[in-house]
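Student: I have a structure I would like to understand better, so I am pasting it below and will then ask my questions one at a time.
The values are calculated or read from the model by the stated rules, or taken from the named source; none is laboratory data. What you see is a predicted model; the values in this text were computed from it and never measured. Positions of Cβ are generated from backbone atoms using ideal geometry, with glycine treated the same way; all protein chains shown enter the neighbour counts.
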Amino acid sequence: MKKYIIFTFILFFFFSESVLAKELKGLQPLDPYGVFSTFSTESLKKGKSAVSLGVEASIEPDLYRMIFKGAYGLSDIIELDLSLPYVFGSDIVDGFEDFSIGIKHRFFEENKYGPSLAYMLNFSLPSGSDQLTTSGRFGVGLIISKRVGPVNGHMNFIYENTGTKKLDYEWSFLTGFDFAAAHNFKILSELLVRKSHDSEKVDLVEARIGYRVKTSESIYTSFGAGFDIKNRTPEALLMFNMTFILPPEKKKIKKIYEEE
């Protein structure tokens, strides 16, 4: 498994170049409770927490970005989420993007015919360069999830308003799927459609594909690639992420006693 992780890092940095981003990330989900940027209605159990480190690199335009994420289960159906991206390696600007905080609440459980439903409230605090901020923002989102056999499907509808009149509102539609190809291996796919804060129409349509490996009882590793199918900007996006669930789950050992 160590060889696999080292190989993934080498592959990631080999295809990456130094950069600057146009898209600001905002609040992001943690594995395994989402697909890349698409949230699922699932959440951490009460008292559980998670920390995550992600790395992204886009090509044409070029960009390095690290994303620090955290989450805490306030209850079995309410989760607190945090995200703080950092742009680096650019000749134009380095620094933190806005610090995002959100609450996700699952208010309807999945049944035989219907999906589970959750809403999300989020806001961002200015914490970075003037070129990496929207002067804060606040938003609301609807999350829909449904399992059909080995496939989990999720849809997100998110609206966000920026903290300055100089920038327009944002909206995003995301749909993500994870397919259980093996006990500890899932294939991931996602479609992201977004109208950003500096446009009056849809300016990003990106398809993403990748995989997630459960490397231990409490560690998840994912790798993916994204492609802008509208403007080819960026031409490609590479993503690597590791998530740690705390405290680690202990394996239950079943003891079998034989009668003599």
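Student: Taking strands (runs of 3 or more DSSP E) that do not extend beyond the stretch 26-132, which have at least 1 residues that are within 22 Å of Leu167 (Cβ to Cβ) and among the charged types (D, E, K, R)? Break it down into steps so the answer makes sense when it comes.
Tutor: Numbers: elements: 49-59, 63-73, 78-88, 99-108, 116-125.
Passing ranges, in order: 63-73.
Student: Next up: Can you tell which of Ser83, Ser75, Ser58 is closer than 24 Å to Glu42 by Cβ, crowded, with 18+ Cβ neighbours inside 10 Å and not charged (D, E, K, R)? Show your work before the answer.
Tutor: Details: Ser75 fails: crowded, with 18+ Cβ neighbours inside 10 Å; Ser58 fails: closer than 24 Å to Glu42 by Cβ.
None of the others qualify; the one that does is Ser83.
Student: Ok, one more. Of Tyr33, Tyr64, which residue is crowded, with 16+ Cβ neighbours inside 10 Å, aromatic (Phe, Trp, Tyr) and modelled with pLDDT of 90 or more?
Tutor: Working: Tyr64 fails: modelled with pLDDT of 90 or more.
Of the residues listed, the single one that is crowded, with 16+ Cβ neighbours inside 10 Å, aromatic (Phe, Trp, Tyr) and modelled with pLDDT of 90 or more is Tyr33.
Student: What are the residues in the stretch 134-167 that are among the hydroxyl-bearing types (Ser, Thr, Tyr) and over 19 Å from the mean Cα position of the chain (by Cα), if any?
Tutor: Looking only at the stretch 134-167, we keep the residues that are among the hydroxyl-bearing types (Ser, Thr, Tyr), and these are 134-135, 145, 159, 162, 164.
Within the stretch 134-167, Thr134, Ser135, Thr162, Thr164 qualify.
Student: Additional query: Just to verify a result, which residue in the stretch 137-192, among those that are polar (S, T, N, Q) and exposed (fewer than 14 other Cβ atoms within 10 Å of the Cβ), is modelled with the highest pLDDT?
Tutor: Here is the first cut: in the stretch 137-192, the ones polar (S, T, N, Q) are 145, 152, 156, 161-162, 164, 172, 175, 184, 189.
Of the ones still in play, those that are also exposed (fewer than 14 other Cβ atoms within 10 Å of the Cβ) are 164, 184.
Details: Thr164: 80, Asn184: 93.
Looking at residues that are polar (S, T, N, Q) and exposed (fewer than 14 other Cβ atoms within 10 Å of the Cβ), I get Asn184.
Student: Do we find that Arg147 is out of contact with any Lys or Arg (no Cβ under 7 Å at 6 or more places or on another chain) and more than 25 Å from Val93 (Cα to Cα) in this structure? Can you show your working first?
Tutor: Numbers: out of contact with any Lys or Arg (no Cβ under 7 Å at 6 or more places or on another chain): yes; more than 25 Å from Val93 (Cα to Cα): yes.
Yes: the conditions hold for Arg147.
Student: Taking Asn161, is it over 27 Å from Phe107 (Cβ atoms) and in contact with a Lys or Arg (Cβ under 7 Å, 6 or more places away or on another chain)? Even if it seems obvious, please write down each step before you answer.
Tutor: Details: over 27 Å from Phe107 (Cβ atoms): no; in contact with a Lys or Arg (Cβ under 7 Å, 6 or more places away or on another chain): yes.
Against the criterion (over 27 Å from Phe107 (Cβ atoms) and in contact with a Lys or Arg (Cβ under 7 Å, 6 or more places away or on another chain)), Asn161 does not qualify.
Student: Continuing with the same structure: Kindly indicate whether Leu204 is surrounded by fewer than 20 Cβ atoms within 10 Å (Cβ to Cβ), at pLDDT below 95, under 20 Å from the mean Cα position of the chain (by Cα) and among the hydrophobic types (A, V, I, L, M, F, W, C).
Tutor: Numbers: surrounded by fewer than 20 Cβ atoms within 10 Å (Cβ to Cβ): yes; at pLDDT below 95: yes; under 20 Å from the mean Cα position of the chain (by Cα): yes; among the hydrophobic types (A, V, I, L, M, F, W, C): yes.
Yes, satisfied.
Student: Then there's this: Looking at the stretch 140-149, is at least one residue more than 19 Å from Ser40 (Cβ to Cβ) and out of contact with any Cys (no Cβ under 6 Å at 6 or more places or on another chain)? Before you say what the answer is, go through the steps one by one.
Tutor: In the first step, residues of the stretch 140-149 are kept if they are more than 19 Å from Ser40 (Cβ to Cβ); the result is none.
Within the stretch 140-149 (the criterion being more than 19 Å from Ser40 (Cβ to Cβ) and out of contact with any Cys (no Cβ under 6 Å at 6 or more places or on another chain)), the answer is no, since none of the residues qualifies.
Student: Here is a follow-up. What tally of residues in the stretch 29-67 results from selecting those that are among the hydrophobic types (A, V, I, L, M, F, W, C) and more than 11 Å from the chain's Cα centre (by Cα)?
Tutor: Step one: filter the stretch 29-67 for residues among the hydrophobic types (A, V, I, L, M, F, W, C), giving 30, 35-36, 39, 44, 50-51, 53, 55, 57, 59, 63, 66-67.
Filter again for more than 11 Å from the chain's Cα centre (by Cα), leaving 44, 50-51, 55, 57, 59, 63, 66.
Matching residues across the stretch 29-67 total 8.
Student: Give the number of residues within the stretch 219-241 that are surrounded by fewer than 19 Cβ atoms within 10 Å (Cβ to Cβ), assigned to a strand (DSSP E or B) and among the aliphatic types (A, V, I, L, M).
Tutor: Qualifying residue count, the stretch 219-241: 3.
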